[in-house]
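Below is one structure, written out as structure tokens; the observations come after it.
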Amino acid sequence: MLKLSVVLPTYNRLQQLRRVLAGLENQTCPLADFEVVVVSDGSSDGTNEFLQEMKTPLQLTAVIQANQGVAAARNQGVAQAQGDLVLFIDDDVVPTPQLVAEHLCFHAAHEEEVIVLGPMLTPLDTRLSPWAQWEQDMLVKQYEAMLSGSWEPTARQFYTGN
């Protein structure tokens, strides 16, 4: 059985999706250790055609459904997933090469059931609006506070982007 399933909902973000999939192709762990389940949730920008014709070394399952919203797309991805673990990633999150390996390593080191949350940092080549930059800065402060032990994470930090 696969160790991990990456569940990736998408809606009309073909260019961003290409970057995410390229990042997943460049993981440091063996590609045989994980699969990628992409759920196109009513996309009309060429995403469906791209997924059907895409050549990739990834173990990729493309699911195309009528638009039902991101939660329904995630649920459909989980229903299709074959891995022991599920890693949610959004279609605008470019994974670092160590993303999957770090998740697998953390879970292997902890026998109890755990949830892993990682920081979502903006790619260096991205320019953010002042509001988005402020949000990013606040997220960095939250991660630093959790890492330093200043406060425990709550359900509020467990959003599904990563």
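Helical runs (DSSP H, four residues minimum) scored at -39500 (n - 2.57) apiece and divided by the length of the chain put the mean residue ellipticity at 222 nm at -11500 deg cm²/dmol.
For region 67-162, what class follows from the C-alpha gyration tensor (a ≥ b ≥ c being the square roots of its eigenvalues): rounded when a/c is under 1.5, otherwise prolate if a/b is larger than b/c, else oblate? Judged from the Cα gyration tensor, region 67-162 comes out oblate (a/c at least 1.5, b/c at or above a/b). With K and R counted +1 and D and E -1, the other residues having a Cβ less than 12 Å from that of residue 3 yield a net charge of -3.
Counting beta carbons within 10 Å around each of 29, 105 and listing the fewest first gives the order 105, 29. Size estimate for region 4-116 follows the Kirkwood approach: the inverse of mean 1/r over distinct Cα pairs works out to 14.1 Å. For the chain, the residue among 93, 36, 132 whose Cα projects farthest onto the positive side of the dipole built from Cβ charges is 132. Fewest-first ordering of 55, 3 by other beta carbons within 10 Å of each residue's beta carbon gives 55, 3.
Charged neighbours of residue 23, selected by a Cβ distance under 15 Å, balance to -3 (K, R count +1; D, E count -1). Cβ crowding within 10 Å ranks 125, 91 as 125, 91, fewest other Cβ atoms first.
Since every read-out is calculated from the coordinates, none of them should be taken as a lab result. Worth saying up front: this structure is predicted, and the values here are computed from it rather than measured. Cβ atoms come from the backbone with ideal geometry, glycine included; neighbour counts cover every protein chain shown.
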